[in-house]
Amino acid sequence: MSDAIKRAEEFLTREGAFRLGELLTEAFHPKTGTLSQTAAVDLPAAIRCLQSVDDEIPPEMEKVLRQDSFGRLVDAFGEAMSAGKKIYFTGCGSTGRLSILLEAAWRRCCREIRKVSPELGEMEDRVFSVMAGGDFALIKAVEGYEDFPDFGRYQLRELGVGQGDVVVAITEGGETSFVIGTAWEGLDAGAKVFFVYNNPTELLCRHVKRSREVIEEPRITKLDLTTGPMAITGSTRMQATTAELFIVGSALEIALVRFLQQRLSPSDAKRLRLREYRPDEYHERLCELLGRLSSDEVVEMLAVATAFEENIYRRQGLVTYAADKFLLDVLTDTTERSPTFMLPAFRKQDDNFSPRSWAFVKDPFHSTKEAWHELLQRGPRGLGWGRDVYERMNAPENLKTQPPKLDNSEIHKFMIGNETDTSRTDAVDSALVVVGFGNEKQLINKSFERFGSQYKKTAAIIIGPAENVGAPDKTFSFPCTLHDSPLQLWHHLAVKLVLNTLSTATMVRMDRVIGNAMVWLSPSNKKLIDRGSRLIANQTGCGYEKACIALHEALEEVELLQQQGKEIPSPVALAIERIQSG
């Protein structure tokens, strides 16, 4: 029996807890069932098809905003602020990046508050993010970390969670072991714990034991944000994370405004443009934003921008995005393309072996070390765990014997600053694309002044009020109203919605999707092995067990190709090809 078959049989025998095909976040969406076929002949129609799934978010969020659980989340945030306690957002993958975004938005806001009221400056260190694998995982998936609840417990404990703090554990599927670990650790520490997820509560309780245990714990407040299946099967970076950003971000903003209004003079509150919006007003603005971004004008522009990127990639070219205050949002979308569509991940400065990522990000104003601090609004929090830590957590043997390098020095090897990088510009084709808002003219001018001449093409993605920005060869304008708010929630949502649609549509056109299934994915954890097996079974008509064995055989073949420095195919697509060819 081959090693691949042994590993497959071990998964089939021991990992029933990761067979998640019954969950709604893993289901095929009927609206997008022929997405790839539509994109091949009518790109604007395909974009409308993608956006039609976003339309399912507001009705469900309206219900959540009316629930007692949402009110309890707002109150818990406010009480923590008043008592000088800490707030922790925890997540893995997309929800980990969301947690980091919420912390960065909070810190940026607090710096503005400090200019008006220096005595409130200490608020900046009241919000923390906990991501599986630490901040290194913001850039590149850390294999397997999400599968271990003790890892979540340990990371949260390291940040000093204590009595009276608030822990918001966010998991799109509601079943991520790491995030569930943080929920239990928060409870043990005496914190108020909230569990945020995107699958029907009843469905989770019926099929996933670890989820049921959290949901049935009366001391944990649950927020069920179910909106339905994702536009791309299993791609929770889209609708699920959008719903989470909206709900958790709204609750944090409402609590912050109430807190500040009680402590600032009317003139200082006016300087900060503070106004408390009701939950129903947040819903109205979400509907307004989604409606504007699905207008004929925006859809046509998204199609043009998609074709621009597709043409570069088809010529083996590279895209580099430049941004300033919203660089973290751009980086999030860019890094998430790698595991979602099995693209090359970001490459470190000292790595001349790995393939270059199709897309990358740059800060035109700062050197790399400064850029990381500016992006996070703090220094990075990498993990410096040694063998002793992994042994205490009873980690797999490979982590004990070869602990991965996830510390700050490794993070700083990803050169996102304004240094010249010929690896981004010497490709057959290359484009610098600035992502900003209509009023960020300094960003646009600085980006083209610093980098423009190095690239073969230049472009700008401008979100919000349309303004003439000049300089680039092409300007992709996405006009919409962006209401001002303390955490700039509407700006973050707009960037996410535009870039998610653009990057997904581009990957569909690049044949990374069949129908609405992302058959080009990297099965880097047990949940993704299960998803890959189900995709193979669905596309070929074979049974789940046969699909799982074929996937492990393909993984073994891909690993060999990787060691040889050859182009790496999708193991899922490879398994499908092997089965279909008989």
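Would you confirm whether any residue within the range 548-557 is on the phi > 0 side of the Ramachandran plot and not hydroxyl-bearing (Ser, Thr, Tyr)?
no
Only one entry in 226, 182, 201 is more than 26 Å from residue 498 (Cα to Cα), open to solvent by 20 Å² or more (accessible area, probe 1.4 Å), at pLDDT 95 or above and hydroxyl-bearing (Ser, Thr, Tyr), namely 201. Residues that are buried (at least 19 other Cβ atoms within 10 Å of the Cβ), at pLDDT 95 or above and at positive phi number at least 3 in none of the helices (runs of 4 or more DSSP H) confined to the range 271-345.
Note on the range 104-142: residues that are surrounded by fewer than 20 Cβ atoms within 10 Å (Cβ to Cβ) and among the small types (Gly, Ala, Ser) amount to 2.
Annotation: residue 350 fulfils all but one of (1) in contact with a Leu (Cβ under 7 Å, 6 or more places away or on another chain); (2) surrounded by fewer than 20 Cβ atoms within 10 Å (Cβ to Cβ); (3) not aliphatic (A, V, I, L, M); the unmet one is (1).
Kindly evaluate residue 255 against the criterion of being in contact (Cβ under 8 Å) with a residue 60 or more places away in the chain and farther than 21 Å from residue 106 by Cβ. No, not satisfied. Within the range 556-570, is even one residue open to solvent by less than 40 Å² (accessible area, probe 1.4 Å), closer than 23 Å to residue 509 by Cβ and under 28 Å from the mean Cα position of the chain (by Cα)? There is at least one residue in the range 556-570 that is open to solvent by less than 40 Å² (accessible area, probe 1.4 Å), closer than 23 Å to residue 509 by Cβ and under 28 Å from the mean Cα position of the chain (by Cα).
Restricted to the range 547-582, and to residues there that are more than 17 Å from residue 518 (Cβ to Cβ) and touching a Phe, Trp or Tyr at 6+ places or on another chain (Cβ under 8 Å), the residue that is modelled with the lowest pLDDT is 565. Applying the set (1) open to solvent by 10 Å² or more (accessible area, probe 1.4 Å); (2) among the small types (Gly, Ala, Ser); (3) in contact (Cβ under 8 Å) with a residue 40 or more places away in the chain to residue 235 leaves exactly one unmet item: (1). Scanning the range 92-108 for residues that are part of a helix (DSSP H, G or I) and more than 8 Å from the chain's Cα centre (by Cα) yields 99, 100, 101, 102, 103, 104, 105, 106, 107, 108. When the range 34-72 is limited to residues that are among the small types (Gly, Ala, Ser) and in contact with a strand residue (DSSP E or B) (Cβ under 8 Å, 6 or more places away or on another chain), the one that is nearest to residue 505 (Cα to Cα) turns out to be 36. Within the range 215-227, one or more residues are over 20 Å from residue 24 (Cβ atoms) and in contact with a Ser or Thr (Cβ under 6 Å, 6 or more places away or on another chain).
The range 394-507 holds strands (runs of 3 or more DSSP E) entirely within its bounds, and those carrying 2 or more residues that are more than 30 Å from residue 257 (Cβ to Cβ) and open to solvent by 30 Å² or more (accessible area, probe 1.4 Å) map to 474-478. Name the residue that is least open to solvent (accessible area, probe 1.4 Å), counting only residues in the range 353-371 that are part of a helix (DSSP H, G or I) and out of contact with any helix residue (DSSP H, G or I) (no Cβ under 9 Å at 6 or more places or on another chain). Among those that are part of a helix (DSSP H, G or I) and out of contact with any helix residue (DSSP H, G or I) (no Cβ under 9 Å at 6 or more places or on another chain), it is 368. Do we find that residue 89 is assigned to a strand (DSSP E or B) and at pLDDT 95 or above in this structure? Yes, satisfied. Exactly one residue among 386, 382 is surrounded by fewer than 23 Cβ atoms within 10 Å (Cβ to Cβ), out of contact with any helix residue (DSSP H, G or I) (no Cβ under 6 Å at 6 or more places or on another chain) and more than 28 Å from residue 26 (Cβ to Cβ), and that residue is 386.
For the structure I just gave you, tell me whether residue 512 is among the basic types (Lys, Arg), out of contact with any strand residue (DSSP E or B) (no Cβ under 8 Å at 6 or more places or on another chain), surrounded by 22 or more Cβ atoms within 10 Å (Cβ to Cβ) and outside any helix (DSSP H, G or I).
In short, yes.
Do we find a residue being open to solvent by 40 Å² or more (accessible area, probe 1.4 Å) and in a loop (DSSP other than H, G, I, E, B) anywhere in the range 38-51? Taking every residue of the range 38-51 in turn, at least one turns out to be open to solvent by 40 Å² or more (accessible area, probe 1.4 Å) and in a loop (DSSP other than H, G, I, E, B).
The values are calculated or read from the model by the stated rules, or taken from the named source; none is laboratory data. Predicted model only: the values in this text are computed from it and were never measured. Virtual Cβ from ideal backbone geometry, glycine too; neighbours counted across all protein chains shown. Accessible surface areas use protein heavy atoms only, side chains included; no ligands, DNA or RNA. Shrake-Rupley method; radii C 1.70, N 1.55, O 1.52, S 1.80 Å.
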